[in-house]
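The values are calculated or read from the model by the stated rules, or taken from the named source; none is laboratory data. Keep in mind that this is a model prediction, so the values were computed, not measured. As a convention, Cβ positions derive from the backbone with ideal geometry for all residues, glycine included, and neighbour counts pool all protein chains shown.
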Amino acid sequence: MDRMNELGFYTLAGAPTSARDLVEEVRAAEEMGIGSCFVSERLNIKESATICGAVGAVSERIGIATAATNHNTRHPAITAAHAMTMHSLTGGRFALGLGRGIDQATKARGLAPITTAQMEDFVGLIRRMWAGETIVGHDGPAGRYPVLAMRGIEPTHIPVVLVAFGPNSLALGGRCFDAVVLHTFFTDETTAGMVGAVKEAAERAGRDPASVRVWSCFATIGDHLAEPVRLKKTVGRMATYLQAYGDLMVHTNGWDHGVLERFRADPLVADFGGAIDQIATTGQLEHIATLIPDEWLAGAATGTPAQCVEAVRAQFDLGCDGVILHGANPSELEPIVEEYRRNRPPGVFDALAANPGG
C-alpha cells in the first residue's frame with residue numbers, strides 16, 4: 001500500500017487506560033498507509049521515550065516524532081542519546097519534537113518557564129553532539145555543562161521538530177528547526193498566517209522555506225462516532241485548552257475575550273476539578289457546549305468521511321505540508337483515511353519523506 005506521508009496521527013490520543021493500546025494503533029496505521037505517528041508526552045503512562053521506543057519496535061515504515069517533550073526535563077546528553085537510539089532503532093524514521101509547555105505546569109514541577117533562547121541553544125547543543133563534537137565548558141541559555149559528548153557514534157542529522165504557538169516560537173521554528181507542528185482549533189486565517197510566519201523566518205535565516213515542513217494539527221472527528229465521543233473530542237478538548245491557556249487561544253484566533261470570561265465564570269467550569277476532556281460526563285459536556293461558540297469549533301474535520309476529507313485537503317490549500325488527524329485513533333479514522341486515499345491527488349506528495357521532520 002502506498003505511504004501517505006502527508007498524513008499523521010497521535011498514538012494514545014486522549015486519556016488511555018493502557019499504554020499497550022499503541023501496539024494495535026501503530027500496526028493499524030501502518031496498514032492503512034498513514035505516514036507518521038506523533039507521540040505526546042504526559043507524565044503518567046505516556047512518558048515519551050518509552051512510548052517512542054515501543055512505536056519503533058512494532059513498526060517498519062511509519063515515521064515517528066515526539067510532539068512534544070520539554071528540553072528541560074532531561075539532561076541534554078540523555079535527550080541526545082534517546083534521539084540517537086531511536087534513529088538507530090528505526091533506520092532514520094525518528095524526529096525529536098520539542099515544545100515550550102504550559103508555564104503553570106512547569107512551575108509546579110519546580111522548573112523555570114522555558115524561553116525561546118533556551119530552546120535555540122539546546123538544539124544547537126544536541127546537533128553538535130550528533131555531529132560527534134565534544135563540547136567543553138558550555139555556558140548559555142540552556143544551562144552550564146562542563147562536558148557534553150557522544151562516544152562511538154557515526155555523525156548524523158536527526159530532524160528536530162518544534163510545536164509552536166506564539167510569534168517567537170514560529171520564528172524560531174523557521175530559522176532553526178526542521179519542521180513545525182501547529183496547534184489545534186485554529187481558524188483558516190490563523191493557520192495561513194502561521195505557515196507564512198514560519199516560511200518567512202526560514203527565508204530570513206537564509207534557509208529554503210520549503211525545507212521546513214509545517215504540520216497542521218487538525219481535529220478529525222467524523223460523525224460515524226457516537227455523539228458522546230464526538231462531544232469529548234471537540235467540546236471537551238476545546239474546553240481543556242481554554243482551561244490551560246485560554247487567553248492565548250483567544251488572542252491568537254482573534255476571538256471575543258468576553259466569551260472566554262463567561263466560560264470561566266460559569267459555575268461548572270469555575271469549580272471543575274481537573275481536565276474537562278478527561279473526566280467530564282456527557283451531561284456536563286452538553287452544558288459546556290452551550291458556552292463555546294460554533295465558530296470556535298469550526299477549525300476541525302467533522303461530518304461524513306467526504307466532508308472530513310474536504311476539510312483536511314483545505315489545510316494543504318492554506319500552505320500546510322502535512323496534516324495530523326488529531327484526536328482519534330486509526331480505527332476511528334479508517335473511513336476518513338480510505339475516503340482520502342480514493343481522492344488523493346496523484347504525485348503531489350511523492351517527495352515527502354517518511355520521517356515527519358524530513
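Of all the residues in the range 43-66, those that are closer than 18 Å to residue 32 by Cβ, assigned to a helix (DSSP H, G or I) and free of Cβ contacts under 8 Å to residues at least 40 places away in the same chain number 0. Search the range 87-109 for residues that are in the same structural domain as residue 165 (by TED's automatic domain parsing) and under 19 Å from residue 165 (Cβ atoms) and pair each with any residue that is of a type in the set (Lys, Arg) and surrounded by 15 or more Cβ atoms within 10 Å (Cβ to Cβ) when their beta-carbon atoms are under 9 Å apart and the residues are at least 6 apart or on different chains. Pairs that qualify, where the first residue is in the same structural domain as residue 165 (by TED's automatic domain parsing) and under 19 Å from residue 165 (Cβ atoms) and the partner is of a type in the set (Lys, Arg) and surrounded by 15 or more Cβ atoms within 10 Å (Cβ to Cβ), are 106/100. Contact annotation: residue pairs with Cβ atoms under 7 Å, 6 or more positions apart or on different chains, pairing a residue in the range 288-304 that is under 13 Å from residue 256 (Cβ atoms) with a partner that is modelled with pLDDT of 95 or more and in a loop (DSSP other than H, G, I, E, B), are 291/266; 296/185; 296/255.
The range 142-207 holds strands (runs of 3 or more DSSP E) entirely within its bounds, and those carrying 2 or more residues that are surrounded by 14 or more Cβ atoms within 10 Å (Cβ to Cβ) and under 22 Å from the mean Cα position of the chain (by Cα) map to 160-163, 179-181.
Residues in the range 102-134 that are of a type in the set (A, V, I, L, M, F, W, C) and either surrounded by 16 or more Cβ atoms within 10 Å (Cβ to Cβ) or touching an Asp or Glu at 6+ places or on another chain (Cβ under 9 Å) (or both): 114, 119, 122, 123, 125, 126, 129, 130. Any residue that is hydroxyl-bearing (Ser, Thr, Tyr), in contact with a Pro (Cβ under 8 Å, 6 or more places away or on another chain) and either buried (at least 20 other Cβ atoms within 10 Å of the Cβ) or not in a helix (DSSP H, G or I) (or both) - is there at least one of those in the range 25-37? Yes, the range 25-37 contains a residue that is hydroxyl-bearing (Ser, Thr, Tyr), in contact with a Pro (Cβ under 8 Å, 6 or more places away or on another chain) and either buried (at least 20 other Cβ atoms within 10 Å of the Cβ) or not in a helix (DSSP H, G or I) (or both). Could you tell me whether the range 205-213 includes any residue that is touching a strand residue (DSSP E or B) at 6+ places or on another chain (Cβ under 7 Å), in contact (Cβ under 8 Å) with a residue 12 or more places away in the chain and not hydroxyl-bearing (Ser, Thr, Tyr)? For the range 205-213, residues touching a strand residue (DSSP E or B) at 6+ places or on another chain (Cβ under 7 Å), in contact (Cβ under 8 Å) with a residue 12 or more places away in the chain and not hydroxyl-bearing (Ser, Thr, Tyr): present.
If I filter the range 1-42 down to residues being in contact (Cβ under 8 Å) with a residue 24 or more places away in the chain and among the hydroxyl-bearing types (Ser, Thr, Tyr), which single residue comes out as nearest to residue 338 (Cα to Cα)? It comes out as 36.
Of all residues in the range 326-345, those that are modelled with pLDDT of 95 or more have Cβ atoms under 6 Å from Cβ atoms of residues that are among the acidic types (Asp, Glu), 6 or more apart or on another chain, in 329/25; 330/25.
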